[in-house]
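One structure is given here, and the rest of the page talks about it.
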Amino acid sequence: MSDHLSLPIRLPDEDKKRFERLATLTQSVANHVLKDHWSPVHLDGISEASHQAWKYFDEHEPFEELGLYLPSRFRRCILQKVGETLRSHADRRDAFQSIQCVLPDHKIRRIHRRRIKDQLWEGGDYLSSGYVDILIDQLNSYYDRHGTYPNRYLEMQDSPEYDNGVLPFSADDGPTSGQAVKYQYDSSSETLTIRLKTPDTLSPETRGDWSWTEYERDGYEAFHDLLSYGDLSAPEFQPSRRKTGDAYYELSFPVEVEHAEATDGTDCVLALDAGMRKDMTAVVVTDDGEQLSTPQFIQFTDREKMRRLHRERTRLNDRLAALRRDGRSHTDEFAHIQSEYERVNNKIRHKREQLTHDVANQVLALALVYDVDAIVHEDLRSLSPPSGEGALSWELSSWARRNIIENIEYRAESAGLAVERVYPEGTSRSCPRCGSTGHTCKSPDHHHGQWWGGHFRCDNARCGFEGDRDYIGALNVARVFFSETDELDHGFTSSYTGDSEIVLAGRSAGTRLTFGAGIVAYEPEQVAATAGGGSAVIAPAVALPESNADGSDGRGPVVQQCTRFLRCATESY
């Protein structure tokens, strides 16, 4: 099995006007086609079509009204882009229809989110849909405006619009014979030759209004390294912006790399527990109860900034609601606040993506360092709304856990690691040392039981084990996984009595690279690991204890340029 990792190549700034025309034309044509096909009929049709998205459309009819000359390959690329968007919304519409029957007769609150998910889990719909939390947010926004819920998905979802000219190129003709882009890599000189067809005007009328231009690009170290493991595929044209706001353009080339082979049997696992105060707690446990690592706590460093942004978004949303009630939704004041709301919402979205990619990368880094056979996590159905926590904390625990697990699964598959889930009961209330019931309290200095306390104490006087609640949960996830009954096996216990500090998931200030949804790399000759993902390289990935059970020197991953997924034995460290 293989996967694709993306490598961006910057196009020269001297032809910026030419690329700008391509981006502008792509955006306007794609929006025209998307708006023209935004209907229940086409959502049904594209969801039932199993072939490539562009094949759903008539290749000529969607463009007839434009009166432009558009090359055949350019049209197919546009149709592929629009088709993928329609398929995504068809999935969301199906999830919406599943939710309709379980909606309350008032605004959805945190407690109702859990009830909605429970009913959807029972029907099996939520298993195939990742849009429940997004839809609930949309439904609440609709309820704020109208005082009721929509009867149809398209009532609350207007036709989407592309805000840039991203263009996915087709590889049907091969790299050197493409009708819209041609590319060839010379491994001896480490240069990439690109030929790109772009419009000479924003209103091309004939074939002569499109021209080929050729560029030679040198690439960069990670680009050349990754090409030793796979071949380039057809790129995607992407407009981007620097921090100054200036536009630049690049081609993002996917590189196909083979997945590592999965090992037979599961003797050692990395058990995970997602908490409220920490994004993830991880511990390495063997099938005989031996614990090979201290508890590893992973926490995103920008949570406080996310809370500030969440408070700002709530404040702006309240002002918008007040203006709507006063009949002033047409005013300049409303437009200005709406613009600020979208700006803050975009920042939150970027922080969400950053959090999920960074935490997932660190989990996989730990799994590779300890050479485990599988990563085990708690089934998402075991989530329950917290008491006394802020709205953002519940929002993070709800969507972040799902997204983090999805990112872990993607990375683990490439690294040849299995990802398993268990559905435990009472994982934070059972002692991992003796199996007795315990209670949680506020901190190690407190003894009074609290349901949402962060510290665990065993109620067995002869045992007296205590530890971080999320650490206890991770150990018990491993106990359930290794038991024969899929329940907590009181004959299987495991515990580590040492201390471990929380490791913050930070990002480096260095070079940022794009590797699909993110990768983690280990070379056999390295004594340190590399972690990177999303749109950046992160550091530190994981801080391991100074003395490890496996005899390694305990040096954690450091920031280096990423190459690809590789597994190597712990002895190499």
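Some observations on this one:
- Just one of the numbered conditions (1) surrounded by fewer than 19 Cβ atoms within 10 Å (Cβ to Cβ); (2) part of a loop (DSSP other than H, G, I, E, B); (3) out of contact with any helix residue (DSSP H, G or I) (no Cβ under 7 Å at 6 or more places or on another chain) is not true of residue 240: (2).
- Across region 194-224, the number of residues qualifying as closer than 19 Å to residue 254 by Cβ and either assigned to a helix (DSSP H, G or I) or open to solvent by 40 Å² or more (accessible area, probe 1.4 Å) (or both) comes to 7.
- The residues of region 269-299 that are part of a loop (DSSP other than H, G, I, E, B), farther than 15 Å from residue 472 by Cβ, touching a strand residue (DSSP E or B) at 6+ places or on another chain (Cβ under 8 Å) and open to solvent by 20 Å² or more (accessible area, probe 1.4 Å), listed by number, are 287, 292.
- Residues in region 71-80 that are more than 12 Å from residue 37 (Cβ to Cβ) and touching a strand residue (DSSP E or B) at 6+ places or on another chain (Cβ under 9 Å): 5 in all.
- Annotation: residue 352 fulfils all but one of (1) under 23 Å from residue 410 (Cα atoms); (2) part of a loop (DSSP other than H, G, I, E, B); the unmet one is (2).
- Members of region 352-370 that are crowded, with 18+ Cβ neighbours inside 10 Å and not aliphatic (A, V, I, L, M): 354, 356, 357, 358, 361, 362, 370
- Some residue of region 300-311 being outside any helix (DSSP H, G or I), buried (at least 17 other Cβ atoms within 10 Å of the Cβ) and within 22 Å of the chain's Cα centre (by Cα): yes
- Failed item in (1) open to solvent by less than 40 Å² (accessible area, probe 1.4 Å); (2) modelled with pLDDT under 75; (3) not hydrophobic (A, V, I, L, M, F, W, C), with residue 373 passing the rest: (2)
- Check on residue 162, part of a loop (DSSP other than H, G, I, E, B) and in contact with a helix residue (DSSP H, G or I) (Cβ under 7 Å, 6 or more places away or on another chain): yes
- Considering residues of region 55-73 that are assigned to a helix (DSSP H, G or I) and under 35 Å from the mean Cα position of the chain (by Cα) only, the residue nearest to residue 42 (Cα to Cα): 56
- The one condition in (1) modelled with pLDDT of 80 or more; (2) surrounded by 14 or more Cβ atoms within 10 Å (Cβ to Cβ); (3) farther than 30 Å from residue 8 by Cβ; (4) not small (Gly, Ala, Ser) that residue 119 fails to fulfil: (1)
- Note on region 243-252: among residues that are touching a residue at least 24 places away in the same chain (Cβ under 8 Å) and among the small types (Gly, Ala, Ser), the one that is surrounded by the most Cβ atoms within 10 Å (Cβ to Cβ) is 252.
- Some residue of region 148-163 being under 21 Å from residue 70 (Cα atoms) and open to solvent by less than 80 Å² (accessible area, probe 1.4 Å): yes
For every residue, the table says whether it meets (1) modelled with pLDDT under 95; (2) assigned to a helix (DSSP H, G or I); (3) open to solvent by 60 Å² or more (accessible area, probe 1.4 Å).
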{"site": "14", "(1), (2), (3)": "yes, yes, yes"}
{"site": "29", "(1), (2), (3)": "no, yes, no"}
{"site": "51", "(1), (2), (3)": "yes, no, yes"}
{"site": "83", "(1), (2), (3)": "yes, yes, no"}
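- Filtered residues of region 178-193 (kept if open to solvent by 70 Å² or more (accessible area, probe 1.4 Å) and of a type in the set (Gly, Ala, Ser)): 187, 188
- Any hit, region 157-165, residues being more than 28 Å from residue 31 (Cα to Cα) and within 26 Å of the chain's Cα centre (by Cα): no
The values are calculated or read from the model by the stated rules, or taken from the named source; none is laboratory data. As the structure is a computational prediction, the values presented were derived from the model and not from experiment. Neighbour counts are summed over all protein chains in view; Cβ atoms, including those assigned to glycine, are modelled from backbone coordinates with ideal geometry. Note: areas computed on protein heavy atoms with side chains; ligands, DNA, RNA excluded. Shrake-Rupley method; radii C 1.70, N 1.55, O 1.52, S 1.80 Å.
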